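The values are calculated or read from the model by the stated rules, or taken from the named source; none is laboratory data. Predicted model only: the values in this text are computed from it and were never measured. Ideal geometry is used to build each Cβ from the backbone, glycine not excepted, and the neighbour counts take in all protein chains shown.
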Amino acid sequence: MDSSDALIARFLALHPKTIDLSLGRIERLLDALGHPERRLPPTIHVAGTNGKGSTIAFMRAILESAGLAVHVYTSPHLVRFHERIRLGRIDGGRFVGEERLVEVLRRCEAANAGAPITVFEITTAAALVLFAEHPADVLLLEVGLGGRCDATNVIAAPAAAVVTPIGLDHAEYLGETLEAVANEKAGIFKRGCPAIIAPQDYPEAENVLQLRAERLGARPIRVGGQHFHVREEGGRLVYEDDDGLLDLPRPRLAGRHQITNAGTAIAALRAAGYDTFELSAYEKGMLRAEWPGRLQRLTRGRLPGLAPDGAELWLDGGHNPDGARALAAAMADLGERSDAPLVLVAGMLGTKDAEGFFRHFVGLAREVIAIPIPTQIAARPPEEIAAIAARVGLTASIQPSVEAALSSLNAYVWDRPPRILVCGSLYLAGEVLRSNGTLPA
């Protein structure tokens, strides 16, 4: 019997491109499958450059704390494809099992009948089949790339559409200006449906989102605008809208940007009709939310033991300059609470703006240790990463693996144990979790 990995590998031959943004192919396949996209639970659709996954994690935690069963679709996965499809249950969702995944992939392969289709499109169709056939109260649906022509954009009337902060990434597919990227992301807005616009780093992106929502007849709701506000106050999260104020614990997820993500999640749920929850659901949601590979502290597994005694080991898959800015701010905040020398262990793809990434750590990181990502042919060579880091003013060296990088730090004499951040790529984050033996669950 085929494994899910074997089936997905076979799908690669169905289209000459890994990414080819279009809705025609998946619409054809969904028609052959009996239109599962029309039989889904209420769906909250989420696009954006940064913060999509964390915003979904907060929504899921709040909804499950309120006793609802929640389907979740995210991408990419960190270790196993199954992480992309979480099937909702009242006692918390579970990643799709291998037997069920194989069965639905084979059905989609048969329905597709050899026609051209990308891997993301056919696997998204499989996810929609599972979500339609498995009862749940809510579906949280993350865009794969862009929005307008993304395979997830087959939902006619979402309960809400959310756009998290936008930056320049995937310019070869989405355009080389912030306005162009914002236009693609705004493609998930639908007439009459709430359009939640998270605080944006760039006014030109926010203006496009607001204008597109208004022109489409969506109902724009802006975080920090006239609709609602979120802030950190006295170590708490304070959320305010027309219905009142929520005084909540600070989110479990690290980083000041998570205040905004949590507020966006609350606003989206309320706009989607989930506005009668007890305060305890929001409180538990702030403390239960988890999102592996994003400012995740590794305290168990095999890797922490390789680092110097007392060292902190953090992992983050952020890979663009805007993500690096939030990550550097989080590291600076940690440094204010507990001073420690910061060391970056970095691996990156050649398509990413490494110079823009590292600039945010100048004056903050003591050293960058560049490493390869062995599973990725598009990975930037460590020598090139180190040269870029040095060019922006960071001390840089090279090691052959994350294990070697951590072990090498034992040769240093530390005044205080270091804070080590493994970063630069979601693919690297997945490799680290696999190597550490701490798989997402």
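Looking at Arg294, Arg380, can you tell me which residue is touching a strand residue (DSSP E or B) at 6+ places or on another chain (Cβ under 9 Å), basic (Lys, Arg) and in contact (Cβ under 8 Å) with a residue 60 or more places away in the chain? Please lay out each step first, then the result.
Details: Arg380 fails: in contact (Cβ under 8 Å) with a residue 60 or more places away in the chain.
On inspection, the qualifying residue turns out to be Arg294.
Going by the conditions given, is Phe357 modelled with pLDDT of 95 or more, among the aromatic types (Phe, Trp, Tyr), within 20 Å of the chain's Cα centre (by Cα) and under 26 Å from Thr438 (Cβ atoms)? Spell out how you get there, then give the answer.
Values: modelled with pLDDT of 95 or more: yes; among the aromatic types (Phe, Trp, Tyr): yes; within 20 Å of the chain's Cα centre (by Cα): yes; under 26 Å from Thr438 (Cβ atoms): yes.
In short, yes.
Being assigned to a strand (DSSP E or B) and buried (at least 18 other Cβ atoms within 10 Å of the Cβ): is that true of Val238 here? It would help to see each step written out before you state the result.
Working: assigned to a strand (DSSP E or B): yes; buried (at least 18 other Cβ atoms within 10 Å of the Cβ): no.
No; evaluated as a whole, the condition is false for this residue.
Scan the range 400-413 for residues that are in contact (Cβ under 8 Å) with a residue 12 or more places away in the chain and over 18 Å from Trp314 (Cα atoms) and report the count. Can you show your working first?
Of all residues in the range 400-413, those in contact (Cβ under 8 Å) with a residue 12 or more places away in the chain come to 400-410, 412.
Right, trim to over 18 Å from Trp314 (Cα atoms) and you get 400, 412.
Selection size over the range 400-413: 2.
Determine if the range 287-303 includes at least one residue that is touching a Lys or Arg at 6+ places or on another chain (Cβ under 9 Å), under 28 Å from Leu141 (Cα atoms) and part of a helix (DSSP H, G or I). Spell out how you get there, then give the answer.
Filtering the range 287-303 for residues touching a Lys or Arg at 6+ places or on another chain (Cβ under 9 Å) gives 287-290.
Remaining after also requiring under 28 Å from Leu141 (Cα atoms): 287-290.
Okay, now just the ones that are also part of a helix (DSSP H, G or I), so 287-288.
The answer is yes; a qualifying residue exists.
Enumerate the pairs (first residue in the range 352-365 and assigned by TED's automatic domain parsing to the domain that holds Ala389; second residue anywhere and of a type in the set (Gly, Ala, Ser) and surrounded by fewer than 19 Cβ atoms within 10 Å (Cβ to Cβ)) with beta-carbon separation below 7 Å, excluding pairs fewer than 6 apart on the same chain, so at least 6 apart or on different chains.
Val362/Gly393; Leu364/Ala332
Yes or no: Gly347 surrounded by fewer than 21 Cβ atoms within 10 Å (Cβ to Cβ), touching a residue at least 12 places away in the same chain (Cβ under 8 Å) and not assigned by TED's automatic domain parsing to the domain that holds His257? First the steps, then the outcome.
Values: surrounded by fewer than 21 Cβ atoms within 10 Å (Cβ to Cβ): no; touching a residue at least 12 places away in the same chain (Cβ under 8 Å): yes; not assigned by TED's automatic domain parsing to the domain that holds His257: yes.
In short, no.
Evaluate the following for Arg25: is it charged (D, E, K, R), in contact with an Asp or Glu (Cβ under 6 Å, 6 or more places away or on another chain) and more than 30 Å from Ala281 (Cα to Cα)? So that I can check it myself, show each step before the final result.
Working: charged (D, E, K, R): yes; in contact with an Asp or Glu (Cβ under 6 Å, 6 or more places away or on another chain): yes; more than 30 Å from Ala281 (Cα to Cα): yes.
Judged against the criteria, Arg25 is a match.
Take the range 231-248 and flag every residue that is under 15 Å from Arg270 (Cβ atoms), within 28 Å of the chain's Cα centre (by Cα) and not aliphatic (A, V, I, L, M).
Matches in the range 231-248: Tyr239, Glu240, Asp241.
Checking the condition surrounded by fewer than 22 Cβ atoms within 10 Å (Cβ to Cβ) and within 21 Å of Thr152 (Cα to Cα), which residue from Leu68, Leu87 passes? Spell out how you get there, then give the answer.
Details: Leu68 fails: within 21 Å of Thr152 (Cα to Cα).
From the options Leu68, Leu87, the qualifying one is Leu87.
Looking at Ala151, Ala180, Ala156, Ala160 in this structure, which one is more than 27 Å from Ala289 (Cβ to Cβ) and in contact (Cβ under 8 Å) with a residue 40 or more places away in the chain? Before you say what the answer is, go through the steps one by one.
Numbers: Ala151 fails: more than 27 Å from Ala289 (Cβ to Cβ); Ala180 fails: in contact (Cβ under 8 Å) with a residue 40 or more places away in the chain; Ala160 fails: more than 27 Å from Ala289 (Cβ to Cβ).
Of the residues listed, the single one that is more than 27 Å from Ala289 (Cβ to Cβ) and in contact (Cβ under 8 Å) with a residue 40 or more places away in the chain is Ala156.
Within the range 11-22, take every residue that is within 26 Å of the chain's Cα centre (by Cα) and within 14 Å of Ala115 (Cα to Cα) and give me the one that is surrounded by the fewest Cβ atoms within 10 Å (Cβ to Cβ). Break it down into steps so the answer makes sense when it comes.
Filtering the range 11-22 for residues within 26 Å of the chain's Cα centre (by Cα) gives 11-12, 15, 17-22.
Of the ones still in play, those that are also within 14 Å of Ala115 (Cα to Cα) are 11-12, 15, 17.
On the way: Phe11: 21, Leu12: 11, His15: 18, Lys17: 8.
Taking the candidates together, the pick is Lys17.
(1) assigned by TED's automatic domain parsing to the domain that holds Val422; (2) closer than 21 Å to Ala57 by Cβ; (3) modelled with pLDDT of 95 or more: which one isn't true of Tyr282, the others all being true?
Going through (1) assigned by TED's automatic domain parsing to the domain that holds Val422; (2) closer than 21 Å to Ala57 by Cβ; (3) modelled with pLDDT of 95 or more one by one, Tyr282 breaks only (1).
Can you tell me which residue among Leu211, Leu248 is without any contact (Cβ under 8 Å) to a residue 40 or more places away in the chain and closer than 26 Å to Leu68 by Cβ?
Working: Leu211 fails: closer than 26 Å to Leu68 by Cβ.
Testing whether each residue is without any contact (Cβ under 8 Å) to a residue 40 or more places away in the chain and closer than 26 Å to Leu68 by Cβ leaves just Leu248.
Given the structure, is Ala156 outside any helix (DSSP H, G or I) and surrounded by fewer than 24 Cβ atoms within 10 Å (Cβ to Cβ)? Explain how you work it out, then say what you get.
Details: outside any helix (DSSP H, G or I): yes; surrounded by fewer than 24 Cβ atoms within 10 Å (Cβ to Cβ): yes.
Here the answer is yes, as Ala156 does meet what is asked.
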